[in-house]
1. Could you identify the single residue in Phe44, Phe57 that is at pLDDT 90 or above and not charged (D, E, K, R)?
2. Any residue in the stretch 52-74 that is within 16 Å of the ligand (Cβ to nearest atom) and either open to solvent by 20 Å² or more (accessible area, probe 1.4 Å) or in contact with a Lys or Arg (Cβ under 9 Å, 6 or more places away or on another chain) (or both)?
3. Scan the stretch 92-113 residue by residue and report those that are among the basic types (Lys, Arg) and either at positive phi or open to solvent by 80 Å² or more (accessible area, probe 1.4 Å) (or both).
4. Can you tell me how many residues in the stretch 75-91 are open to solvent by less than 50 Å² (accessible area, probe 1.4 Å) and touching a strand residue (DSSP E or B) at 6+ places or on another chain (Cβ under 7 Å)?
5. Tell me which residues, restricted to the stretch 118-133, are open to solvent by 50 Å² or more (accessible area, probe 1.4 Å) and under 18 Å from Glu92 (Cα atoms).
6. Can you name every one of the helices (runs of 4 or more DSSP H) wholly within the stretch 1-59 that holds 3 or more residues which are over 25 Å from Ser129 (Cβ atoms)?
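The values are calculated or read from the model by the stated rules, or taken from the named source; none is laboratory data. Here the structure is a predicted model, which is why all the values come from computation and not from measurement. When we count neighbours, we look across all protein chains shown, and the Cβ atoms used for this are built from the backbone with ideal geometry, even at glycine. For accessibility, only protein heavy atoms count, side chains too; no ligands or nucleic acids. Shrake-Rupley method; radii C 1.70, N 1.55, O 1.52, S 1.80 Å.
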Amino acid sequence: MADYREIIGTYKEVPGGIIEAYHAVQNEYSYIPEDAVDYAAQIFNIPKAKAYGVATFYSYFKVGSRGKNVIRICESAPCHIAGADKVVAALEKELGIKMGETTSDGKFTLEFAECVGQCQATPVITINSKPYEDVTAEKIAAILAEYK
Ligand code: FES
């Protein structure tokens, strides 16, 4: 994984580069580490509060400590009806965390998502944007094993 310092440094001379830098960091990390925001403030020579303001203004950016693998569970109606809550329970049990939390080893974060456009094969989860369709509680252990 590229160092966020290197990534942010690339945009130093670009006008409005902080937003592009945040995009690039999030692409690499799946979120923007708080330290990266502090570093961006230095590089773009703006107050820290402003660097945070930019990062939190756009809902697309996720600032904070998310795990290396972000698992999102679609909770829109079709997935819900198809049994998404059983999948949620299985994920929470397997990882030992609740929705919205990150495992203590920093490997997994669980989040809810809106419809991800795969409603023909509900319930759906995504791991780092890769969709898994027709997920059942029984399939969870095997799916997670790919990422452990
Ligand atoms: S409702 Fe879950 S993918 Fe569309």
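1. Every option except Phe44 fails the conditions.
2. yes
3. Lys93, Lys98
4. The qualifying residues number 4.
5. Asn128
6. In the stretch 1-59, 34-43, 48-57 are the helices (runs of 4 or more DSSP H) which contain 3 or more residues that are over 25 Å from Ser129 (Cβ atoms).
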